[in-house]
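*Asks:* The structure that follows is given in the form of structure tokens.
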Amino acid sequence: MLFITIRRVYTHLSDLSNEEILDYYNVTSLKELNSHIEHVKEVLKKQIENYEEELEEIDRCFCLDSRADFKYLYPSKKEAEEQVKFSLKSKRVKLTLYACPFHCGWHLAKT
Ligand SMILES: [Zn+2]
């Protein structure tokens, strides 16, 4: 039952009657309340997703290549190894893999 959940999650509403809770959310029926809660959940979910995207951007390191561009960072060693194989096969360029000095992941360098 939605009302019970709401009272449990939002302790400041725990003493309210069903009608008062509907009133609080400015809705007239349980159905409306349900869609309101769904909407709130959606908004929260989006906020969490945005937050994770921000984290990923912060996760970048400051290593530069010879042209002073930011070096591409591979978060997993396996991904970097795949790229080494790919470059050798398709471009005949031999790359070496090394750990990022900032401990963010892995970089590739031409040899
Ligand atoms: Zn780095």
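Just so it is clear, none of the values below were taken in a lab; they were calculated from the coordinates. Owing to the predicted nature of the structure, the values given are computational and were not obtained by experimental measurement. Here the Cβ is made from the backbone with ideal geometry for all residues, glycine too, and neighbour counts use every protein chain on show.
*Asks:* Is it true that residue 80 is surrounded by 10 or more Cβ atoms within 10 Å (Cβ to Cβ), assigned to a helix (DSSP H, G or I) and within 16 Å of the ligand (Cβ to nearest atom)?
*Replies:* yes
*Asks:* For segment 99-109, does any single residue satisfy the condition of being away from the ligand (no atom under 16 Å from the Cβ) and surrounded by 10 or more Cβ atoms within 10 Å (Cβ to Cβ)?
*Replies:* No, segment 99-109 contains no residue that is away from the ligand (no atom under 16 Å from the Cβ) and surrounded by 10 or more Cβ atoms within 10 Å (Cβ to Cβ).
*Asks:* Would you be able to tell me the number of residues in segment 89-98 that are out of contact with any helix residue (DSSP H, G or I) (no Cβ under 8 Å at 6 or more places or on another chain) and within 14 Å of the ligand (Cβ to nearest atom)?
*Replies:* Counting residues in segment 89-98 that are out of contact with any helix residue (DSSP H, G or I) (no Cβ under 8 Å at 6 or more places or on another chain) and within 14 Å of the ligand (Cβ to nearest atom) gives 1.
*Asks:* Of the numbered conditions (1) surrounded by 12 or more Cβ atoms within 10 Å (Cβ to Cβ); (2) in a helix (DSSP H, G or I), residue 47 fails exactly one; give the number of that condition.
*Replies:* Of (1) surrounded by 12 or more Cβ atoms within 10 Å (Cβ to Cβ); (2) in a helix (DSSP H, G or I), only one is false for residue 47: (1).
*Asks:* Same structure, new question: What number of residues in segment 64-77 are within 11 Å of residue 106 (Cβ to Cβ) and exposed (fewer than 15 other Cβ atoms within 10 Å of the Cβ)?
*Replies:* Number of matching residues: 4.
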